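Peer 1: Here you go, one structure.
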Amino acid sequence: MIKLSHFPENGETLWSSSWEIGDDGAKGSNTAAALERLGVRTAFVSKIGTDIWGHIGEELLKENGISCEALIREPSMSTQIGAILVDRSGSNSILLGGEAACFSTSEIHHGIRQYPEAKYLITGFEIRISDALEAASYAKNMGKYVILNPSPAPEGDIGRLDFVDLLVVNQTERDALLALKSCHPAACTGKGHSSLNSYDVQSIRQLQKLYGCARIILTLGGNGCLLLDKNQVFSFPAHPVPVTDTSGAGDSFLAAVTAALVRRIPLNKGCELASLYAAQTVQKWGTFPAFSTLEEMISLYPELFSLLKA
């Protein structure tokens, strides 16, 4: 993690106020860690190198109670690493390096079959996109509930996503998915930006039409989030808090929504839980260290977070 006064302009050289290697993961490992903190048993199916970064990452997962039985160690690859840039307002940008994990079809299927009791699969695009989509499709065929966060946003067409039960996107990812279908929200819907809420509602309806996902969550940062559940739209406000670091906000939101689904809590109530959980996350530095436990959340919001108890 690199702490800066502001993000550098083109050609600008900056001193950082802090530069450290922390207990932080990427999107998949962050979400897994947050799920474990919320009392949901989680497994991590992926591929890492046998380099020092792979070793550090694997130990971090295990220390946080995440099953690594399906984690593949590949000597020929460099483990993917990242640098998180955080400015004084808590806003962040993330740089990725190393190799995106690539899998054979048999590796994907074997990894998923190792956890026959698992009811949910979460995937995203920090691995090769075609592999993430294969995992999602295969898991759906096995009767699992599939959640996709298409991040980093794809640059090429990914087809329809009828096998995805829940699509979770931020505004950047939403716009990228629409652009891939040669569609910009205002042009597709006939609406402009006069009403932010109307614009965002129409854009996720367009996503649903183009990609075939019955349920879509659009996260809006400080403006809360929207849920499109089949034909019904729900709006959830953000919870104003002093922001220290937004690095783990989206991952913690995704984890809390998934935890709610695991406990058979309606998705609209899950979004309410997730907004509160993400609001706690952004008040602390980092990702893994910032994720609150279920007990901590129950102490703050006993009526709501007691619903997550197994």
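Peer 1: Can you go through S151, S182 and tell me which one is in a loop (DSSP other than H, G, I, E, B) and open to solvent by less than 20 Å² (accessible area, probe 1.4 Å)?
Peer 2: Details: S182 fails: open to solvent by less than 20 Å² (accessible area, probe 1.4 Å).
After ruling out the rest, the residue left standing is S151.
Peer 1: Pick from A139, A118, A101, A70: which is farther than 23 Å from D245 by Cβ, touching a strand residue (DSSP E or B) at 6+ places or on another chain (Cβ under 9 Å), modelled with pLDDT of 95 or more and part of a loop (DSSP other than H, G, I, E, B)? Before the answer, list the steps.
Peer 2: On the way: A139 fails: part of a loop (DSSP other than H, G, I, E, B); A101 fails: modelled with pLDDT of 95 or more; A70 fails: modelled with pLDDT of 95 or more.
It is A118.
Peer 1: Scan the helices (runs of 4 or more DSSP H) fully inside the stretch 217-310 and keep the ones with 1 or more residues being open to solvent by less than 10 Å² (accessible area, probe 1.4 Å) and either acidic (D, E) or more than 30 Å from A83 (Cβ to Cβ) (or both). Explain how you work it out, then say what you get.
Peer 2: Numbers: elements: 249-262, 267-281, 294-300, 302-305.
Helices (runs of 4 or more DSSP H) meeting the threshold: 249-262, 267-281, 302-305.
Peer 1: Would you pick out the residues in the stretch 238-278 that are in contact with a helix residue (DSSP H, G or I) (Cβ under 9 Å, 6 or more places away or on another chain), modelled with pLDDT under 95 and farther than 18 Å from L121 by Cα?
Peer 2: A238, H239, P240, V241, V243, T244, D245, T246, S247, G248, A249
Peer 1: Under the condition of being closer than 13 Å to A70 by Cβ and touching a residue at least 12 places away in the same chain (Cβ under 8 Å), which residue from the stretch 88-112 is surrounded by the fewest Cβ atoms within 10 Å (Cβ to Cβ)?
Peer 2: Of everything passing the filter in the stretch 88-112, H110 is surrounded by the fewest Cβ atoms within 10 Å (Cβ to Cβ).
The values are calculated or read from the model by the stated rules, or taken from the named source; none is laboratory data. Remember, it's a predicted structure, so these values are computed and weren't measured experimentally. Neighbour counts run over all protein chains shown; Cβ positions are idealised from the backbone, glycine included. To get the accessible areas, we keep the full protein, side chains included, count just its heavy atoms, and leave off ligands, DNA and RNA. Shrake-Rupley method; radii C 1.70, N 1.55, O 1.52, S 1.80 Å.
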